[in-house]
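Novice: First, the structure itself, so that you have it in front of you.
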Amino acid sequence: MFGSKYKLYIDGKWVNSNSGQTFSSLNPAKPKQVLGRFQKGNENDVEKAVEAAEKAFDSWSDITAPKRGLILLKVAELLKKNKEKLAKLVTREMGKVIAEARGDVQEAIDMAEYIAGEGRRLFGHTTPSELRNKMCMTIRMPVGIFGLITPWNFPLAVPAWKIFPALICGNTIVFKPSSDTPLCATKMVEILGMAGLPKGVVNLVTGPGGSVGMSIVKHRKIRGISFTGSKFTGETIVKEAGLKKVGLEMGGKNGIIVMDDANLVLASDGVIWGGYGTTGQRCTAASRVIVHEKIKEKFEMMLVQRIKKLRLGDGLKSTTDVGPLVNKAAQEKSMNYVEIGLRDGAKILIGGRIPKMKGFFFEPTLFTNCTIDMRIAQEEIFGPIVSLIPVKDFDEAIDAMNSVEYGLSSAIYTEDIRKAFLAIQHIEAGLTYVNSSTIGSEVHLPFGGVKHTGHAREAGIEGINEFSETKTVYVDYSGRLQKAQIDIT
Ligand code: NAD
């Protein structure tokens with residue numbers, strides 16, 4: 001089963017790239033295990049995918065949204081039927097432990113069901129006109145052909161967050177997944193085909209970001225780009241996309257504030273889950289813990305005891321708490337940041353090494369005595385490394401939280417309702433959790449960040465806004481010429 005050759009999906013057919021080249025997807029827990037060989041697509045493949053998406057657009061957007069939703073319900077059924085198989089695939093391809101991988105599939109199922117329902121609620125507004133016998137309203141229109149570019153860390157959920165809303169709004173799609181998780185993407189597209197999606201509506205082109213991704217970003221017939229990935233790539237995309245509608249979901253440097261009145265057991269649960277879940281490779285991972293100095297030492301001891309017990313291993317084993325990093329470069333990056341942290345004067349309480357294991361593992365690491373200007377407290381590491389930043393009071397905690405360029409997720413642990421509400425008001429982030437970790441989004445609520453995390457909002461009704469245009473409609477049934485702003489009596 002492993003090592004098979006997979007193809008691009010263009011105009012409803014599985015085809016080879018005319019590049020004649022392939023690349024492999026590896027299991028990061030067992031890097032010698034090749035999961036499959038994938039087409040190294042190129043500009044010509046993108047061209048063909050755009051042609052197919054263009055051909056399919058009129059008939060797809062002409063199907064009513066509730067009927068488009070019925071296909072998504074079939075997708076949800078197929079995802080459910082294959083949930084365990086898909087979860088194992090997620091674990092094999094990017095390393096997250098099996099329980100979290102099941103969550104990835106479940107998020108795609110939830111999204112399909114939720115968005116199918118939105119097909120019956122693609123609301124516009126009606127509002128009174130300033131003139132008599134005239135009606136004003138807004139309706140939603142598809143954008144056109146959408147280019148979807150996704151990362152590897154939620155290999156089914158992130159594509160689902162983009163593909164399903166784009167489809168319900170009547171768009172057609174050219175989809176380029178991360179080259180670390182092409183197999184999950186291929187399975188998602190297979191399921192869309194099995195659910196009866198007409199040919200050309202979704203097209204899959206695997207291959208490098210610099211060529212396939214960039215050809216999508218620059219293509220003049222593509223009207224919208226929805227990108228999730230690093231800030232570095234997002235900045236390049238924005239420069240090259242021209243006048244397209246562009247949605248960016250980028251990195252984070254998320255923090256958890258732990259006040260002196262917090263329930264420390266609850267807070268340590270939150271830090272362990274937020275900091276080391278998915279091996280720290282979530283955009284919402286808690287990589288900073290801003291801790292009140294009065295409880296700092298006690299909290300450090302509690303965390304170290306918990307971290308000692310975390311078991312590294314293959315995510316498919318039920319005994320594993322923390323899986324590998326996605327690839328060798330990620331492992332080297334974590335090691336590099338440990339060295340940077342030490343050089344900048346932070347102290348390691350536990351971890352900090354590459355263990356002697358076959359996969360791309362890294363020890364769950366806790367730094368303390370960090371200051372907000374240190375690079376480990378500012379830059380996205382995307383590994384199991386958490387920096388503890390001591391503060392003397394609530395105001396300093398909020399300043400520390402807001403001291404980074406990113407603004408995705410945040411959390412505060414406190415029993416003081418006043419502080420909780422002040423934190424909700426003053427933290428610069430797209431998400432704030434009270435007495436809960438930085439992760440745990442639900443699909444019917446909007447998700448996204450502020451500052452350099454980007455400005456897109458996915459999921460919830462805001463997710464529909466990302467993938468539709470609003471048209472304003474005036475219907476004058478007065479039977480005469482009425483002039484807004486001029487006929488004022
Ligand atoms: P990445 O930026 O390296 O790659 C993301 C996608 O962009 C991949 O498909 C890649 O091939 C493509 N790409 C790369 N260069 C490109 C180019 N020049 N033009 C067009 N496409 C290009 O990110 P990654 O390593 O796959 O993912 C990790 C990053 O994603 C982290 O920064 C993480 O915080 C972020 N992320 C953000 C969210 C969010 O919702 N905010 C969610 C998940 C991940």
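Novice: Between MET194 and MET141, 0.36 nm times their residue separation minus their Cα-Cα distance comes to what?
Specialist: 16.4 nm
Novice: Sticking with this one: What spacing in nm lies between the two simple spin-label points modelled at ASN18 and SER478, each 7 Å away from Cα in the Cβ direction?
Specialist: The two pseudo-label positions are separated by 5.8 nm.
Novice: Right, something else. Return the calculated 222 nm mean residue ellipticity for the chain, to the nearest 500 deg cm²/dmol, obtained by summing -39500 (n - 2.57) across DSSP H runs with n ≥ 4 and dividing by the residue count.
Specialist: Computed ellipticity for the chain at 222 nm equals -11500 deg cm²/dmol.
Novice: Can I ask one more? Computing the accessible area with a 1.4 Å probe over protein heavy atoms, can you report the carbon and sulfur percentage for the range 431-489?
Specialist: Accessible surface attributable to carbon and sulfur in the range 431-489 totals 55 percent.
Novice: In debye, nearest 20: dipole of the chain around its Cα centre with unit charges on the Cβ of K, R (+) and D, E (-)?
Specialist: Taking the Cα centre of the chain as origin, the dipole is about 1680 debye.
Novice: Report in % the part of the accessible area of the range 63-185 that belongs to carbon and sulfur, leaving out ligands and nucleic acids; probe 1.4 Å.
Specialist: Within the range 63-185, the accessible surface is 57 percent carbon and sulfur.
Novice: Further question on the same structure: I'd like the distance between the alpha-carbon centres of the range 454-489 and the range 335-391, rounded to an integer number of Å.
Specialist: Centre-to-centre distance over Cα atoms comes out at 50 Å.
Novice: Write down, largest first, the equivalent ellipsoid semi-axes of the range 334-489 in whole Å, where each equals the square root of 5 times an eigenvalue of the alpha-carbon gyration tensor.
Specialist: Semi-axes, largest first: 46, 20, 15 Å.
Novice: Roughly how large, in nm² to one decimal, is the mean projection of the convex hull of the alpha-carbon atoms in the range 40-126?
Specialist: That works out to 8.4 nm².
Novice: Arranged from highest to lowest average of other beta-carbon atoms within 10 Å per residue, in what order do the peptides 381-392, 67-78 appear?
Specialist: Ranking, from highest mean packing down: 381-392, 67-78.
Novice: Return one quarter of the surface area of the convex hull spanned by the alpha-carbon atoms of the range 144-259, equal to its mean projected area, in nm².
Specialist: The directionally averaged projection comes out at 8.5 nm².
Novice: Summarise the accessible area of the range 263-323 (1.4 Å probe, protein heavy atoms) by the percent that is carbon and sulfur.
Specialist: 54
Novice: Hey, what does the equivalent ellipsoid look like for the range 200-301, semi-axes from the Cα gyration tensor as sqrt of 5 times each eigenvalue, largest first, whole Å?
Specialist: 41, 13, 11
Novice: Follow-up. Sorted by mean Cβ packing within 10 Å, highest first, what order do the peptides 314-327, 275-288 take?
Specialist: Order by mean packing, descending: 275-288, 314-327.
Novice: For the range 400-489, which chymotrypsin sites (Phe, Trp or Tyr not before Pro) are in a loop by DSSP, counting at most 13 other Cβ atoms within 10 Å?
Specialist: Here the sparse-neighbourhood loop sites are TYR477.
Novice: Additional query: Quick check: from the Cα gyration tensor, does the chain come out rounded (a/c under 1.5), prolate or oblate?
Specialist: Here the chain falls in the oblate category.
Novice: Let me ask something else. Quick one: ranking MET335, MET250 by accessible area, 1.4 Å probe, largest first, what do you get?
Specialist: The ordering from most to least exposed comes out as MET335, MET250.
Novice: Please state the equivalent ellipsoid semi-axes for the range 341-387: what are the square roots of 5 times the Cα gyration tensor eigenvalues, largest first, in whole Å?
Specialist: Its equivalent ellipsoid spans semi-axes of 21, 11, 8 Å.
Novice: Take the Cα atoms of the range 105-193, build their convex hull, and give its volume per residue in Å³.
Specialist: Output value, Cα hull per residue: 115 Å³.
Novice: A follow-up question, please. For the range 306-393, what log10 I(q)/I(0) values come out of the Debye formula at q = 0.14, 0.15, 0.20 1/Å, with one point per alpha carbon and no solvent?
Specialist: Per q value, in the given order, log10 I(q)/I(0) is -0.49, -0.55, -0.91.
Novice: So, one more: Would you tally the net charge around LYS30, using a Cβ to Cβ cut-off of less than 14 Å, leaving LYS30 out, and scoring K and R as +1, D and E as -1?
Specialist: +4
Novice: Could you list, in their original order, any pairs among LYS199/LYS244; LYS162/LYS245; LYS74/LYS96; LYS7/LYS80; LYS5/LYS30 whose Cα atoms are separated by more than 21 Å?
Specialist: LYS199/LYS244; LYS74/LYS96; LYS7/LYS80
Novice: How big, on average over all directions, is the shadow cast by the Cα convex hull of the range 404-447, in nm²?
Specialist: Directional mean of the projected Cα hull area for the range 404-447 stands at 3.3 nm².
Novice: First select every other residue whose beta carbon is under 11 angstrom from the beta carbon of LYS231; then total the charges, Lys and Arg +1, Asp and Glu -1.
Specialist: -3
Novice: Considering only protein heavy atoms, what is the solvent-accessible area of HIS125 at a probe of 1.4 Å, reported in Å² to the nearest 10?
Specialist: HIS125 has an accessible surface of roughly 130 Å² with all protein chains in place.
The values are calculated or read from the model by the stated rules, or taken from the named source; none is laboratory data. Since we're looking at a predicted model, the values are computed, not measured. Heads up, the Cβs are rebuilt from the backbone with ideal geometry, glycines too, and the neighbour counts pull from every protein chain shown. With ligands, DNA and RNA removed, areas are computed over all heavy atoms of the protein, side chains included. Shrake-Rupley method; radii C 1.70, N 1.55, O 1.52, S 1.80 Å.
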